[in-house]
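Reviewing the structure listed below.
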């Protein structure tokens, strides 16, 4: 009896699904390339792509000849800067080698110099001591020029 009811229910489901109780009007198929909004209404998609961002840089007006003549007459011949010696170049912090250790060392020395900007006293003497040590590291690691070699990291590190 139970088997018979199951068979009847199964066949009725198959027959009804083939007859299609869900009509096409209830569930329309979506065409390829169509887009619907949140309410099911079609949205028109433009056929050609274009950018809404149209930017053109402002034109630079040419300077008048009178102003360029004034600038030329005001310039004084500058003396050629002497090339720094190797020792000066290593001690200089005007350029920093492209090395993470050198960049960190430069920022740490800048931070220490900010702490010492008010002057050295008994409360901030340790900043001056650390700055002196970091300056020695800077020169040893050649951070003002080409940067450290692989062996420089171990030999230049401050040992307490």
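The values are calculated or read from the model by the stated rules, or taken from the named source; none is laboratory data. This structure is a prediction, so every number in the text was calculated from the model and none was measured. All Cβ positions, glycine included, derive from the backbone under ideal geometry; neighbour counts span all protein chains shown.
I'd like the full set of residues that are surrounded by 16 or more Cβ atoms within 10 Å (Cβ to Cβ) and more than 28 Å from the chain's Cα centre (by Cα), limited to the range 143-159. Matches in the range 143-159: 152, 156. Among the conditions (1) at negative phi; (2) modelled with pLDDT of 70 or more; (3) part of a loop (DSSP other than H, G, I, E, B), residue 26 misses just one, which is (2). Answer yes or no: is there a residue in the range 117-131 that is under 24 Å from residue 85 (Cα atoms) and exposed (fewer than 12 other Cβ atoms within 10 Å of the Cβ). So far as the range 117-131 goes, no, none of its residues is under 24 Å from residue 85 (Cα atoms) and exposed (fewer than 12 other Cβ atoms within 10 Å of the Cβ). The requirement of being closer than 14 Å to residue 145 by Cα and at pLDDT below 75 is satisfied by residue 83. Taking the listed residues 139, 88, the one that is surrounded by 11 or more Cβ atoms within 10 Å (Cβ to Cβ) and over 31 Å from the mean Cα position of the chain (by Cα) is 88, with no other qualifying.
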